[in-house]
């Protein structure tokens, strides 16, 4: 298991430089938090890694170059992501959501048949994300926190090795945050986890390493304590409480 | 293990699993449904209806076959296809070409070619349609092939939503203009008319026309069966996922273009089959039945009946076609106003179509039972 | 050479008609993402306005001039009525708007039939526009076609200037670019929508006036016209006026050239193939704004 390596990544939208030359190394098994003010280019960075935004430079994961590949090809290499606004399939049940996430490799014959039993991987994910009781409920009726867990569950069954989570705990209660944080720690045993987050309290408790972005570039990198002590970081956040 | 809290909410009994909500039900319910439909189509209708009305019903059932395909592509797949007339027409013309050639007899030209075409020999692309096997296969495969080519080109480039609808409509307009212009070889505006026989059976004989009805009814049941299996399968779930979040599906490792392509091609095949059966049932196929206007009219029955269901589109198509016959002859002006309202009212106020009324009623009774 | 020039001008005048029709759509479809299938009937309403005015007024030239603003208002008000009664409820469901407005178009067609009769009606062209202009001995172009071309170009110029410089234009662009932000900033987005729709529909009325010079006026005259006009907006790029202009003229010229070398019948299919091929290269249309979104 090797990690994620990003070299000189640039994303430009109609002349606007959203990400301007980013180098990033996330070793396998890390729980890396990416923070930064709005517009720092965090989500765009993830968009570039997953093939949504066109970028230059190189991005390798597990020794494979990702840039230039189509979105679904990158996903098949084990790169999974979630979105700021949860994007589960609301008209389908929890079980159907997970079953679809687990199935890109299915052949036509399997697809054209009905699901007769719950695949073991899906069952395990249901238990991990504690949604077994609501598995036949439409995903659209779940409260926000459970939708976010469903997204994480979908990454699990998708067999993603790299999790790119975009603000996974936004809008969650304290208990839900704690549970999510512990789940992330659990995941890092056999996955590489990258989290974009604004919640500093959550970050302090669950981040192993932190990357701070500002204006499309990496400003600082290190452990939580190192990053918090960095004067450049304090300058960027000046006027804002780091607690915000 | 993690310490996620157990979910506080209990499963809501009024929310049904998606498969049931959409009406592609469990095995036993489906068998009952198919049984009832078979009894109605094969037992009841031929006894109750006279020859003329049974002939009309055969025509309506053809439209219902198109509607089942649209329900799959639009209701489940989100592809509002305003161009089913193209596939209906390809199927219809393929069948009519064969029947015209058999009517004319071996070595003879179809009547209209002698009239307008001043042709001495059959055009090369008519020749294969003399073979019944080729013609029959072409009625379904030709539309599917065209849909496959077009679908590959536009779904892969992520042309979708309104753009897809407009493109499919433009294809319809193009094909209708094309056919009208080729009077010598396609019959032009008149189309291929005056079909006399159907694989050796004289279509003027009422008994044979009843047989055509049974063929159409059987085809509708078969098409419903195919759609039912597709909707309840894993593919059906994936199709809904693509409809609601095409990009999200991409991030799960699927290429949504392929998922949409299957539904689109199947819907095209169904429209082609319907067109092929329309020819012996009605005796004519012409550009007026495949252009922009009829193509969008195919959609209306689907919207009225309930786009996302299995039987909703078929029933809606039959009901709208019946209403058209009943109203348009007596009150042509009133019919057009009524048809306009049919497009407006269900879509604005009842997006789920009449099928959603049934679901609402069921839910209300369920709640009453819980309350009692 | 003359033949080529003459075909070129035919193409340009087809393009001018397309442009006049598509211009209104580029506002309602391009800027507001509303697929108004009744746009064709708004064109017919503009054309019937000329017909009615000629019954009332004697001079063909005068009635045509008066018809331009009157048709703009008539079609515009009709459009606003549709927006207020129906489309407003459907902003989140663009495909459903398409079906609903198709219903509206059926109803309007029947209204035209019941009021003016099912057969086409005729209007008189002003004498100034009935002749033709001899550019060279061989190259003859009709005055009415030149008038339509000028009208289309004036409409484009007015619309561009209006969107760029007037406060209303700025509001329209603000609402198009970010509806939520515009609403939060205190813009009455509902009112802006109605005004946009008024102008877009009014432009259809103007197109209708122009069409009386080149063809018959009938209840269903708009249906076939708008299919191609929608294509023009799609291929030009949503929300891009310059794309609409370029594509309208290009499509007109391509169509006239292909029709000349083959037949109208074959040209219809070839033009469709060309458009699908073009979308392989530019699936979002000729001009696009690249943004970060999952749409």
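A short reminder: the numbers here are calculations on the coordinates, not readings from a lab. Small disclaimer: the values here were computed from a predicted structure and weren't measured. Don't worry about glycine lacking a Cβ; one is built from the backbone with ideal geometry, like all the others, and counts go over all protein chains shown.
Shielding by partners for C:117-130, please: the mean number of other protein chain Cβ atoms within 10 Å of each residue's Cβ.
Numbers: counts 0, 2, 0, 0, 0, 0, 0, 0, 0, 0, 0, 0, 0, 0.
Mean inter-chain Cβ contacts per residue within 10 Å come to 0.
Computed packing ranks the peptides B:162-171, A:221-230, C:4-13 as B:162-171, C:4-13, A:221-230, most packed first, by mean other Cβ atoms within 10 Å.
Within 10 Å of the Cβ of each residue in C:26-36, the mean number of Cβ atoms contributed by other protein chains is 1. The mean sequence distance of close C-alpha pairs (under 8 Å, at least 6 residues apart), as a share of the length of segment C:89-165, puts its relative contact order at 13 percent.
Taking neighbour counts of Cβ atoms within 10 Å as a proxy for exposure, in what order, fewest first, do C:206, C:270 appear?
C:270, C:206
The Rg/Rh ratio of segment C:83-210, with both radii computed over alpha carbons and Rh defined as the Kirkwood radius, is 1.09. Cβ crowding within 10 Å, taken as a proxy for footprinting-reagent exposure, orders B:98, A:214, C:134 from fewest neighbours to most as C:134, A:214, B:98. Per residue of A:96-102, other chain Cβ atoms within 10 Å of the residue Cβ number 5 on average.
Based on Cα contacts under 8 Å between residues 6+ apart, segment A:1-117 shows a relative contact order of 22 percent. Per residue, the convex hull spanned by the Cα atoms of segment A:151-209 amounts to 79 cubic angstrom. Value of Rg to Rh for segment C:141-295, rounded to two decimals, is 1.01; Kirkwood radius and Rg both from alpha-carbon coordinates. Relative contact order, percent, of chain C when contacts are C-alpha pairs under 8 Å separated by at least 6 residues? About 38 percent, as a whole number. Between segment A:1-65 and segment C:196-259, the alpha-carbon centres lie 44 Å apart. This ranking places A:149, A:104 by how few other beta-carbon atoms lie within 10 Å of each, fewest first, which gives A:104, A:149. Shown here are the Rg and Dmax of the Cα trace of chain A, at 18.2, 60 Å. Semi-axis lengths, largest first, of the ellipsoid equivalent to the protein assembly as shown are 50, 38, 26 Å, with √(5λ) applied to each eigenvalue of the Cα gyration tensor. Against chain B, whose longest principal axis is taken from its Cα atoms, helix B:332-349 shows a tilt of about 30°.
Tell me the Kirkwood hydrodynamic radius of segment B:54-298 in angstroms, computed as one over the mean inverse distance between distinct C-alpha pairs.
Values: mean 1/r = 0.0543 Å⁻¹.
Roughly 18.4 Å, rounded to one decimal.
Each Cα pair of chain C feeds into the Kirkwood radius, which the Stokes-Einstein equation turns, at 25 °C and 0.890 mPa s, into a diffusion coefficient of 124 µm²/s. Paramagnetic label reach from residue B:258 (point 7 Å along Cα→Cβ; backbone nitrogen cut-off under 17 Å): within segment B:158-201, residues B:158. Segment residue C:139..residue C:122, full-extension length gain: 3.3 nm, with 0.36 nm per residue of separation and the alpha-carbon distance subtracted. Between 0 and 90 degrees, the angle of helix B:292-305 with respect to the longest Cα principal axis of chain B falls at about 40 degrees.
Hey, can you rank C:63-73, C:109-119 by average C-beta count inside 10 Å, highest first? Mind showing how you got there, number by number?
Working: C:63-73: 20.3, C:109-119: 16.1.
The most tightly packed comes first, giving C:63-73, C:109-119.
Of the peptides A:9-15, B:28-34, how do they stack up when ordered by the mean number of other Cβ atoms within 10 Å, highest first?
Numbers: A:9-15: 15.0, B:28-34: 12.9.
So the order, starting with the most tightly packed, is A:9-15, B:28-34.
Against chain B, whose longest principal axis comes from its Cα atoms, helix B:353-371 is set at around 30 degrees.
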